[in-house]
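Trainee: Quick one: this structure, given as structure tokens, is what I'll be asking you about.
The values are calculated or read from the model by the stated rules, or taken from the named source; none is laboratory data. Quantities reported herein were computed from a predicted structural model and do not represent experimental measurements. Here the Cβ positions follow ideal geometry from the backbone for every residue, glycine too, while neighbour counts run over all protein chains shown.
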């Protein structure tokens, strides 16, 4: 017995790690048995024609010619019996051929007795004996139905009369019919893919947990290296589960990165020629099944299918797409653009190139986040946990410029805290070069974080020497100049101070506002393209101003972002019934197709000063009605694209755990030199100024008839979150050093969040 106890005591860490991995395996196995195993029959279908008001009786043969640009696994038709008392009997033969060549592509045979004997709108699925792969373009097919009757009953097919599109024809028993049959196409079926993908994901998570536990036990491994590995591994998992185009407004950031990469690859396309309304990339860089903002199991399946495909263009060529970018500045897109450029050099296909750009951003963030943990003399757990929040990892593993911005803000804050309170007693000009470069990168990108430059004031004058005042003043002046030289920032400032109350936060120019007021709103098919650009490009109005999209914070794009693309919701209120739009006071009226003056009149500075009570009421109502959304979007309780019915909402249990981790990081004791209380409060004030500017930027976008602040999200506080956790009561601080344990706990919670995301996607 003593030997057993000695063995357990000697190998307790290894046994604990094995127990942890076994526990995770048991959890994943239970989830597979209860939620994954029975999902193999899920299929993805789309309507070729979903309208029918008439039925045609088939005696000998029916032929339907149609066009399709997707793969085909099955076809579904509205079939019924001519006489409900006498159902058709015999076999129904389906033949699918290429209309251009006459080549038979697939066929199937079924028993007509299984067709629903009624006149209700029921689709009958007819499987194909062969998978019909689409080459990526519209192909004209001919569908032939031949009933082989053995009884008196006859078969009818539902169709829509008139309005046949070009290239579509319907023939029943040799006679042409002016109509189109109701038909659905099935392009994919999950089958065994979901189980395989799930267990690859599950075993990857178990391996990640084992690796991080090993790093936790290895005391010789520094904390920042542990953070680097955790961010890299978990960020990669978020990258896989939430693929390209899934992050907020990511498609505009992708367009920006691909345009930059194209202009770098082709010397005949300088960056100066790129335009915010156009996107430059290879002709083959398009895939309708990838370029969606709602991830499903079929997105995973399709990406797994095409990830290894090379570029199909014979030579490198560029194509200009009528797609918006974020703005005219490429400052925060060089990292992702370089990843895309590597994909160009390796002649990789669209999917692989997309992931290279994402991985470049993730690697850059992981490096700077770990460096920030290493350099900061205080609040190391706060920096580590902030870097490991699901929202942070989701943004870091995306094309969003927030990936680079978060990394720069974390490192900039840590660097200045190190210069102010680190062991260095004298600071030379070499130590100031990097903070200056970071400030010049941060300030023009998102001006709401301009107050971070004030951290320079925390550096004791004795460390800077006799020219301390001049150094600090010059640093702040340089940041102010960088801000003013940014055209988007200048436009925002001008618009925000307009006495007319016209919204310009995000930097739409007055000319653009007049244009938006005169032009009709985009139809529903073009709603996804209606974005806001910077003032120097004279772009269109924001989503709230042009399309009448909802002012709900959950549907906003990023109004706090300078020159950002503000995308409207997938379906504007104009497309909704009047009973649905009229009942919500927080949604703009969309009775007509033109922007109203109400949409253009917002909470600018003159309006706020003249209506303080109304502004205060707006803020209070926003906290009461949208407070849970703000809390959720800070830590990652809501992931994916924040459009209508599109985000992935986590269980509140995970959100509570994440805030619990932040509380532990807040109360974790520090090692090294103490930070004076006055400096802590000063740092908190700077962070609160950034938060206030982010809120103010969203308020300035808000039309005056909105009931809540337009577009505000908790994630706007992430760049300064570690600074918000510097002030804490000493009496509540934890006794021991638990920094490594907090990082491990954060990683395990992230694995649980990933599992929640997986199940949420499967449930779609």
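Trainee: With a cut-off of at least 2 residues that are surrounded by fewer than 21 Cβ atoms within 10 Å (Cβ to Cβ) and modelled with pLDDT of 85 or more, name the helices (runs of 4 or more DSSP H) lying wholly within the stretch 440-496. Break it down into steps so the answer makes sense when it comes.
Mentor: On the way: elements: 461-464, 468-485, 487-496.
Answer list for the stretch 440-496: 461-464, 468-485.
Trainee: Consider residue 91 carefully, then state whether it is part of a loop (DSSP other than H, G, I, E, B) and modelled with pLDDT of 85 or more.
Mentor: On the way: part of a loop (DSSP other than H, G, I, E, B): no; modelled with pLDDT of 85 or more: yes.
No; evaluated as a whole, the condition is false for this residue.
Trainee: Right, here's the next one. Hey, any hits in the stretch 393-415 for a residue that's out of contact with any strand residue (DSSP E or B) (no Cβ under 9 Å at 6 or more places or on another chain), in a helix (DSSP H, G or I), farther than 30 Å from residue 656 by Cα and modelled with pLDDT of 90 or more? Show your work before the answer.
Mentor: Let us first name the residues in the stretch 393-415 that are out of contact with any strand residue (DSSP E or B) (no Cβ under 9 Å at 6 or more places or on another chain), namely 393, 395-415.
Add one more test, that the residue is in a helix (DSSP H, G or I), and what stays is 393, 395-396, 401-415.
Of the ones still in play, those that are also farther than 30 Å from residue 656 by Cα are 415.
Then drop every residue that is not modelled with pLDDT of 90 or more, which leaves 415.
Yes, the conditions are met somewhere in the stretch 393-415.
The rows are residues; the columns are (1) assigned to a loop (DSSP other than H, G, I, E, B); (2) in contact with a strand residue (DSSP E or B) (Cβ under 9 Å, 6 or more places away or on another chain); (3) at pLDDT 85 or above.
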{"site": "569", "(1), (2), (3)": "yes, no, no"}
{"site": "599", "(1), (2), (3)": "no, yes, no"}
{"site": "630", "(1), (2), (3)": "no, no, yes"}
{"site": "657", "(1), (2), (3)": "no, no, yes"}
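Trainee: Same structure again: Got at least one residue in the stretch 151-159 being over 12 Å from residue 88 (Cβ atoms) and either modelled with pLDDT under 90 or under 36 Å from the mean Cα position of the chain (by Cα) (or both)?
Mentor: Within the stretch 151-159, the first condition is being over 12 Å from residue 88 (Cβ atoms), and the residues that meet it are 158-159.
Now drop any that are not either modelled with pLDDT under 90 or under 36 Å from the mean Cα position of the chain (by Cα) (or both), which leaves 158-159.
The answer is yes, given that some residue of the stretch 151-159 is over 12 Å from residue 88 (Cβ atoms) and either modelled with pLDDT under 90 or under 36 Å from the mean Cα position of the chain (by Cα) (or both).
Trainee: I'm trying to understand the selection: among the residues of the stretch 279-310, which are touching a helix residue (DSSP H, G or I) at 6+ places or on another chain (Cβ under 8 Å), assigned to a loop (DSSP other than H, G, I, E, B) and farther than 30 Å from residue 763 by Cβ?
Mentor: Across the stretch 279-310, the qualifying residues are 282, 284, 285.
Trainee: Residues 3, 49: which one is more than 19 Å from residue 191 (Cβ to Cβ) and surrounded by 13 or more Cβ atoms within 10 Å (Cβ to Cβ)? Write out each step before concluding.
Mentor: Numbers: 3 fails: surrounded by 13 or more Cβ atoms within 10 Å (Cβ to Cβ).
49 is the lone residue from the list that is more than 19 Å from residue 191 (Cβ to Cβ) and surrounded by 13 or more Cβ atoms within 10 Å (Cβ to Cβ).
Trainee: Please verify whether the stretch 349-364 includes one or more residues that are without any contact (Cβ under 8 Å) to a residue 40 or more places away in the chain and in contact with a helix residue (DSSP H, G or I) (Cβ under 6 Å, 6 or more places away or on another chain).
Mentor: So the first thing to find is which residues in the stretch 349-364 are without any contact (Cβ under 8 Å) to a residue 40 or more places away in the chain, and the list is 356, 360.
Subset that is in contact with a helix residue (DSSP H, G or I) (Cβ under 6 Å, 6 or more places away or on another chain): 356, 360.
Checked against the condition, which is being without any contact (Cβ under 8 Å) to a residue 40 or more places away in the chain and in contact with a helix residue (DSSP H, G or I) (Cβ under 6 Å, 6 or more places away or on another chain), the stretch 349-364 yields at least one hit.
Trainee: Out of 28, 8, which single residue is exposed (fewer than 12 other Cβ atoms within 10 Å of the Cβ) and farther than 26 Å from residue 180 by Cα? Don't jump to the end; show me each part of the working.
Mentor: Values: 28 fails: exposed (fewer than 12 other Cβ atoms within 10 Å of the Cβ).
Only one candidate passes the filter, namely 8.
Trainee: Name the single residue that is modelled with the highest pLDDT among those in the stretch 264-274 being surrounded by fewer than 18 Cβ atoms within 10 Å (Cβ to Cβ), in a loop (DSSP other than H, G, I, E, B) and in contact with a helix residue (DSSP H, G or I) (Cβ under 7 Å, 6 or more places away or on another chain).
Mentor: 269
Trainee: Another one. Considering each of 261, 288, 352, 304 in turn, give the residue that is under 22 Å from the mean Cα position of the chain (by Cα), crowded, with 22+ Cβ neighbours inside 10 Å and at pLDDT 80 or above.
Mentor: Unique residue meeting the criteria: 261.
Trainee: Of all residues in the stretch 325-349 being in a helix (DSSP H, G or I) and either under 17 Å from residue 247 (Cβ atoms) or within 18 Å of the chain's Cα centre (by Cα) (or both), which is modelled with the lowest pLDDT?
Mentor: Of all residues in the stretch 325-349, those in a helix (DSSP H, G or I) come to 331-345.
Subset that is either under 17 Å from residue 247 (Cβ atoms) or within 18 Å of the chain's Cα centre (by Cα) (or both): 332-333, 335-337, 339-340.
On the way: 332: 86, 333: 89, 335: 93, 336: 93, 337: 92, 339: 94, 340: 93.
Within the stretch 325-349, the match that is modelled with the lowest pLDDT is 332.
Trainee: Let me ask something else about it. Given the structure, is residue 708 buried (at least 19 other Cβ atoms within 10 Å of the Cβ), in contact with a helix residue (DSSP H, G or I) (Cβ under 6 Å, 6 or more places away or on another chain), part of a loop (DSSP other than H, G, I, E, B) and modelled with pLDDT of 85 or more? Talk me through it step by step, then tell me what you get.
Mentor: On the way: buried (at least 19 other Cβ atoms within 10 Å of the Cβ): yes; in contact with a helix residue (DSSP H, G or I) (Cβ under 6 Å, 6 or more places away or on another chain): yes; part of a loop (DSSP other than H, G, I, E, B): yes; modelled with pLDDT of 85 or more: yes.
Criteria met by residue 708.
Trainee: If residue 457 satisfies all but one of (1) closer than 28 Å to residue 248 by Cβ; (2) in contact (Cβ under 8 Å) with a residue 60 or more places away in the chain, what's the number of the condition it fails?
Mentor: Only one criterion in (1) closer than 28 Å to residue 248 by Cβ; (2) in contact (Cβ under 8 Å) with a residue 60 or more places away in the chain is unmet by residue 457, namely (1).
Trainee: Of all residues in the stretch 315-324, count the ones that are touching a helix residue (DSSP H, G or I) at 6+ places or on another chain (Cβ under 8 Å) and either buried (at least 18 other Cβ atoms within 10 Å of the Cβ) or not in a strand (DSSP E or B) (or both).
Mentor: Kept after step one, since they are touching a helix residue (DSSP H, G or I) at 6+ places or on another chain (Cβ under 8 Å), are these residues of the stretch 315-324: 316, 318, 321-324.
From the residues that got through so far, the ones that are either buried (at least 18 other Cβ atoms within 10 Å of the Cβ) or not in a strand (DSSP E or B) (or both) too are 316, 318, 322-324.
Final tally of qualifying residues: 5.
Trainee: Regarding residue 363, is this residue in a helix (DSSP H, G or I), closer than 14 Å to residue 234 by Cα and at pLDDT 95 or above? Let's see the steps before the verdict.
Mentor: Working: in a helix (DSSP H, G or I): yes; closer than 14 Å to residue 234 by Cα: yes; at pLDDT 95 or above: yes.
The answer is yes for residue 363.
Trainee: For the stretch 31-52, indicate whether the set of residues that are in contact with a strand residue (DSSP E or B) (Cβ under 9 Å, 6 or more places away or on another chain) and over 26 Å from residue 289 (Cβ atoms) is non-empty.
Mentor: Filtering the stretch 31-52 down to residues in contact with a strand residue (DSSP E or B) (Cβ under 9 Å, 6 or more places away or on another chain) leaves 40-52.
Now narrow it down to the ones that are over 26 Å from residue 289 (Cβ atoms): 52.
Scanning the stretch 31-52 turns up at least one residue that is in contact with a strand residue (DSSP E or B) (Cβ under 9 Å, 6 or more places away or on another chain) and over 26 Å from residue 289 (Cβ atoms).
Trainee: Go through 381, 435, 423, 377 for me and flag whichever is part of a helix (DSSP H, G or I) and either more than 29 Å from the chain's Cα centre (by Cα) or modelled with pLDDT under 90 (or both). Break it down into steps so the answer makes sense when it comes.
Mentor: On the way: 381 fails: either more than 29 Å from the chain's Cα centre (by Cα) or modelled with pLDDT under 90 (or both); 423 fails: part of a helix (DSSP H, G or I); 377 fails: part of a helix (DSSP H, G or I).
Residue meeting the stated conditions: 435.
Trainee: Being at pLDDT below 90, in contact with a strand residue (DSSP E or B) (Cβ under 8 Å, 6 or more places away or on another chain) and outside any strand (DSSP E or B) is the filter here; which residues of the stretch 61-88 pass it?
Mentor: 69, 70, 71, 82, 87, 88
Trainee: Among the listed residues 138, 166, 182, identify the single one that is surrounded by 17 or more Cβ atoms within 10 Å (Cβ to Cβ), modelled with pLDDT under 90, in the same structural domain as residue 60 (by TED's automatic domain parsing) and within 39 Å of the chain's Cα centre (by Cα).
Mentor: Details: 138 fails: surrounded by 17 or more Cβ atoms within 10 Å (Cβ to Cβ); 166 fails: surrounded by 17 or more Cβ atoms within 10 Å (Cβ to Cβ).
Among 138, 166, 182, only 182 is surrounded by 17 or more Cβ atoms within 10 Å (Cβ to Cβ), modelled with pLDDT under 90, in the same structural domain as residue 60 (by TED's automatic domain parsing) and within 39 Å of the chain's Cα centre (by Cα).
Trainee: Here is a further query. I'm checking my understanding of the structure. Among residues of the stretch 677-705 that are in a helix (DSSP H, G or I) and in contact with a strand residue (DSSP E or B) (Cβ under 9 Å, 6 or more places away or on another chain), which one is surrounded by the fewest Cβ atoms within 10 Å (Cβ to Cβ)? Break it down into steps so the answer makes sense when it comes.
Mentor: Taking the stretch 677-705 first, the residues in a helix (DSSP H, G or I) are 677-701.
Then drop every residue that is not in contact with a strand residue (DSSP E or B) (Cβ under 9 Å, 6 or more places away or on another chain), which leaves 699-701.
Working: 699: 27, 700: 25, 701: 32.
Here the answer is 700.
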